[in-house]
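Read the structure below first, then the notes.
The values are calculated or read from the model by the stated rules, or taken from the named source; none is laboratory data. All values reported here derive from a predicted model rather than from experimental measurement. Here the Cβ positions follow ideal geometry from the backbone for every residue, glycine too, while neighbour counts run over all protein chains shown. To get the accessible areas, we keep the full protein, side chains included, count just its heavy atoms, and leave off ligands, DNA and RNA. Shrake-Rupley method; radii C 1.70, N 1.55, O 1.52, S 1.80 Å.
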Amino acid sequence: MALRWVWRASLLAACFLSVTGARAQSVLGIVRARSGEPLEGVHVILPESHRGAVTGADGSYRIDGVPPGDHEIEFRHVGYAVLRTIVWVPDDGPAVLDVALETESVRLRDIVVTAEGHAGEMLVRASRSVSVISTADLAELQGRALGDILGRLPGVTTLSTGPSIAKPVIRGLHSQRVLVLQDGVGLEGQQWGGEHAPEIDPFAAGRIEVVRGAASVEYGAGAIGGVVRVDPPDLPESRPIGGTLSLRGFSNNRQGAASLMVEGGPRGLPGLGWRARVSGRRAGDSSTPDYVLGNTGFEEVDVNLAAGYHRGRNGMHVMASRFSTTLGLFKGAHIGNVDDLLRAIERGRPSVEYAFTWDIAPPKQDIVHDILLWRGHVALPGGDVLESSVGYQSNRRSEFDAHARGRDAEEPAFSLTLRSVSGDLKVRMRPRGSWIGVAGISWQDQSNRNGESGFLIPNYHAITGGAFALASRISGTWTHEFGVRLDRRWMEAWPRERLSIGPFVRRTHEWTSMSAHAGTIRKLGAHWSLAAQAALAWRPPGVNELYNFGVHHGTAQFEVGDPTLGVERGRSADLTLRHEDERWTGEVTAYVNRMSGFVHLVPEAEPRVTIRGSFPSFRYTNADVRLAGAEGSLRVLLGWGFVADLSASVVRGTDTATDDPLVLMPADRARFGLSRTWVGDRFDLEAGLTVQTVASQARFVAGADFANPPAGYRIVGLDLVSRFRALGRTLTGTLSADNLLNTPYRDYLSRYRYFVDDPGRTVSFGLLVPFGSAR
């Protein structure tokens, strides 16, 4: 029903295309400092259309060719806080927007200096490789899973467990090594395993930033592989109540998704803003080109409430969210005995012809993730800014056994509750000559408690504390970055004495180590720059890596921990060349990461037989490894409205003791896209065609896994996006087709690649409808 409703809405939107329209107009105004002095050289940007201007000596700017409607606009100037707001462009004349910028320390967003590739800022945005997905781009992708969105970036792939579970892989690293933050809060459910996807509402993101490579100085030991920041849009100020209704439907699993967002800012209380969002998704079984993947549906409901108050350089922000979902797990991956398991791998497709259904039965996961956040900042005498935050999370997870019957089927095979309280205190320093910086402390208190039904992860309690300092110096064409951090982690756990049997015993662990970062950027003329960075990072082993012993129902594999695992340490270096001019932009990065004590899963020679069936068995172990590779992206304006995009990534993981390749390393891949935009009097239309090519993973040890890596593949995608005026508002409609040619394929990073293909063609429809003050 939901898909049919979205289809009808899309047809209605198409009808509007032929009856509404208006001519493009201009946005103009003057940018001043709070003192009233005009500011010269301010970059004024419309991210959604990549149009922009630079203010003149009198602070004035003008951007032509802007369609009527609401548009996000940004004002950027060194030494001033970035200002993002919404400008309303009428049908019958220019929009005039005068603004005043607040003086601020050149804000190192936790010292990761980023820009979104506008007005030359791409050249000096960071010494490490960073990608940003803007608010405008996310509006076209709303409703898609986070893994699907991130997989479009160079150097980022996904580790999937069926159609509904995917998590980011950055340069071959994932899970505990890649920190995922929602509104600045690190999602702690990640540490329980590779089949635990980020608990994030796919409609809520306003901006996504991906940092490739170690970022432990800024974010702590969990960021040894990279960081994914998912931030909401800025809260409105002095704006009447308005909002958006987002609708999306997907053909493959008949998924229907919707999200209602309402926000406002009382005009009588300048600086106060609030937002409320509720989202829901429901999907049935997914299908490959040849068969249905039984029991792969899901249901999800998300709620998010936020409010903030900001006056000058002082302010605070509060947020509360709940993410709740039930995920079905493919039945064909849960096998009764060893012979059936080997036959299932050899057969390569389900032994049962499943019929599509909306029902979700065991094996399945039930997940509820709650977040409470308070964050504030206050200006100090002398111009520095003091920031603090406190966050609480509760992650409750239950997994249900495929082979339980009767009343037992209603009880989880195991259940876990992870509670975390974390906080930080930072001082962002005003510019002192050519230096800027930030210093602070952070802490976390975390505990896990099992339900009565199982003990895959033992009860434990952990306390972590850290202190850090970072600085950056800008001198002519050079930018230098430095940082150092000290962390200490203490943990007590209560595993069984011999993992699988024996009484529960108390074990304690303590780890202390240092992280460091140094980077430099050299601008080479007007259009080129060269960046280099080196980092030392570390990570203590996770409780699952130490003490796991049992079946992970999400991955349909048996995992065995090792209580003797040591600390994981990384020494990495990157070199990035960037170019930007009016015709083309691009960057290419080469990197190497040498890791001692690298914790990874290796397949055991024989499957593990349990009372719940037979499963591929994997054991955690330490090794000294080298991860090396390259990634790059290129965008070229071809003329006549055409734009070509190319990205590619290569990673090589090697055990340096044996010279054997590491398992579960992403295969080489490239993505090519060609798009064209038409800007008309009645509507804007963007059409894009993408081709993704993935090679077979040729680097593996024969006989070490239950099956050799699958063949390479090539899949084609199509995207159409239209913005049009209807009923006095600007609506956005999307039509997309993933795996357009319905190609059968298996990705090497799919946990179900032993048994089944990945999903086939998916056609999706979307409609974004503003209401109230959102026009």
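For the stretch 205-224, a tally of residues being in a loop (DSSP other than H, G, I, E, B), closer than 15 Å to Ser131 by Cα and in contact with a Gly (Cβ under 8 Å, 6 or more places away or on another chain) returns 3.
Matching residues to (1) buried (at least 18 other Cβ atoms within 10 Å of the Cβ); (2) within 22 Å of Ala214 (Cβ to Cβ); (3) under 29 Å from the mean Cα position of the chain (by Cα):
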| position | (1), (2), (3) |
| --- | --- |
| Val421 | no, no, yes |
| Ser434 | no, no, no |
| Val438 | yes, yes, yes |
| Arg488 | no, yes, yes |
| Ser500 | no, no, no |
| Glu510 | no, no, no |
| Met514 | no, yes, yes |
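Residues of the stretch 55-74 that are farther than 12 Å from Val27 by Cα and touching a Gly at 6+ places or on another chain (Cβ under 8 Å): Thr55 alone.
Only residues that are over 30 Å from Thr296 (Cβ atoms), open to solvent by 20 Å² or more (accessible area, probe 1.4 Å), in a loop (DSSP other than H, G, I, E, B) and of a type outside the set (Gly, Ala, Ser): list them for the stretch 225-256, please. Within the stretch 225-256, Pro233, Asp234, Leu235, Glu237 meet the criteria. Screening the stretch 95-105 for residues that are surrounded by fewer than 17 Cβ atoms within 10 Å (Cβ to Cβ) and in a loop (DSSP other than H, G, I, E, B) and picking the one that is modelled with the highest pLDDT gives Asp98. The residues of the stretch 522-565 that are in a loop (DSSP other than H, G, I, E, B) and touching a Phe, Trp or Tyr at 6+ places or on another chain (Cβ under 9 Å), listed by number, are Pro540, Pro541, Gly542, Asn548, His553, Thr555, Ala556, Gly561, Asp562, Pro563, Leu565. Whenever a residue of the stretch 497-508 is over 20 Å from His461 (Cα atoms), it has no partner that is open to solvent by 90 Å² or more (accessible area, probe 1.4 Å) and part of a loop (DSSP other than H, G, I, E, B) lying with C-beta atoms less than 9 angstrom away and at least six residues away or across chains.
Quick check: is even one residue across the stretch 672-684 closer than 23 Å to Leu173 by Cβ and either assigned by TED's automatic domain parsing to the domain that holds Arg171 or touching a helix residue (DSSP H, G or I) at 6+ places or on another chain (Cβ under 9 Å) (or both)? So far as the stretch 672-684 goes, no, none of its residues is closer than 23 Å to Leu173 by Cβ and either assigned by TED's automatic domain parsing to the domain that holds Arg171 or touching a helix residue (DSSP H, G or I) at 6+ places or on another chain (Cβ under 9 Å) (or both).
Would the stretch 466-474 turn up any residue that is assigned by TED's automatic domain parsing to the domain that holds Glu411, under 30 Å from Arg397 (Cα atoms) and in contact (Cβ under 8 Å) with a residue 24 or more places away in the chain? Scanning the stretch 466-474, I find at least one residue that is assigned by TED's automatic domain parsing to the domain that holds Glu411, under 30 Å from Arg397 (Cα atoms) and in contact (Cβ under 8 Å) with a residue 24 or more places away in the chain, so the answer is yes. Here the stretch 703-718 is the region considered, the condition is being among the hydrophobic types (A, V, I, L, M, F, W, C) and closer than 14 Å to Asp758 by Cβ, and the residue that is surrounded by the fewest Cβ atoms within 10 Å (Cβ to Cβ) is Ala711.
The residue that is farthest from Thr325 (Cα to Cα), among those in the stretch 364-388 that are of a type in the set (Gly, Ala, Ser) and open to solvent by less than 20 Å² (accessible area, probe 1.4 Å), is Gly383. The residue list Val385, Val352 contains one member that is β-branched (Val, Ile, Thr) and in contact with a Gly (Cβ under 8 Å, 6 or more places away or on another chain), which is Val352.
Within the stretch 662-690, residues that are among the β-branched types (Val, Ile, Thr) reach partners that are surrounded by 17 or more Cβ atoms within 10 Å (Cβ to Cβ) with beta carbons closer than 6 Å, at six or more positions or on different chains, in the pairs Thr677/Glu686; Thr690/Gly673; Thr690/Gly717. On the basis of being open to solvent by 10 Å² or more (accessible area, probe 1.4 Å), free of Cβ contacts under 8 Å to residues at least 12 places away in the same chain and of a type outside the set (S, T, N, Q), does Val484 make the cut? It is false that Val484 is open to solvent by 10 Å² or more (accessible area, probe 1.4 Å), free of Cβ contacts under 8 Å to residues at least 12 places away in the same chain and of a type outside the set (S, T, N, Q). Residues in the stretch 44-54 include none that are open to solvent by 40 Å² or more (accessible area, probe 1.4 Å), of a type in the set (Asp, Glu), farther than 24 Å from Pro232 by Cα and not assigned by TED's automatic domain parsing to the domain that holds Gly312. Within the stretch 40-94, being modelled with pLDDT under 75 and touching a helix residue (DSSP H, G or I) at 6+ places or on another chain (Cβ under 7 Å) holds for Pro47, Glu48. Count, please, the residues in the stretch 58-79 that happen to be among the small types (Gly, Ala, Ser), open to solvent by 20 Å² or more (accessible area, probe 1.4 Å) and out of contact with any Ser or Thr (no Cβ under 9 Å at 6 or more places or on another chain). Residues flagged as among the small types (Gly, Ala, Ser), open to solvent by 20 Å² or more (accessible area, probe 1.4 Å) and out of contact with any Ser or Thr (no Cβ under 9 Å at 6 or more places or on another chain) within the stretch 58-79 amount to 1. Within the stretch 671-691, restricting attention to residues that are hydroxyl-bearing (Ser, Thr, Tyr) and under 23 Å from Gly632 (Cα atoms), the residue that is modelled with the lowest pLDDT is Ser675. Flag: Ala628 matches the condition of being assigned by TED's automatic domain parsing to the domain that holds Thr477 and modelled with pLDDT of 95 or more. Per the listing Gly550, Gly554, the residue uniquely small (Gly, Ala, Ser), more than 28 Å from the chain's Cα centre (by Cα), modelled with pLDDT under 90 and closer than 24 Å to Ala197 by Cβ is Gly550. Given the structure, is Arg652 farther than 27 Å from Ser596 by Cα, surrounded by fewer than 17 Cβ atoms within 10 Å (Cβ to Cβ) and of a type in the set (D, E, K, R)? It is false that Arg652 is farther than 27 Å from Ser596 by Cα, surrounded by fewer than 17 Cβ atoms within 10 Å (Cβ to Cβ) and of a type in the set (D, E, K, R). Scanning the stretch 609-647 for residues that are touching a helix residue (DSSP H, G or I) at 6+ places or on another chain (Cβ under 8 Å) and aliphatic (A, V, I, L, M) returns a single hit, Val609.
Residue by residue, here is whether (1) more than 22 Å from Gly570 (Cβ to Cβ); (2) open to solvent by less than 60 Å² (accessible area, probe 1.4 Å) holds:
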position: Ser614; (1), (2): yes, yes
position: Ala630; (1), (2): no, yes
position: Trp640; (1), (2): yes, no
position: Val679; (1), (2): yes, no
position: Ala698; (1), (2): yes, no
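Against the test of being modelled with pLDDT under 95, in the same structural domain as Thr585 (by TED's automatic domain parsing) and within 25 Å of Arg569 (Cβ to Cβ), the options Gly525, Gly502, Gly519 yield a single qualifying residue, Gly519. The residues listed here are Arg343, Arg322, Arg282, Arg349; of these, the one that is in the same structural domain as Leu768 (by TED's automatic domain parsing) and either open to solvent by less than 30 Å² (accessible area, probe 1.4 Å) or assigned to a loop (DSSP other than H, G, I, E, B) (or both) is Arg349.
When each of Leu634, Leu638 is tested for being touching a Gly at 6+ places or on another chain (Cβ under 6 Å), within 30 Å of Asp719 (Cβ to Cβ) and in the same structural domain as Asp684 (by TED's automatic domain parsing), the lone residue that passes is Leu634.
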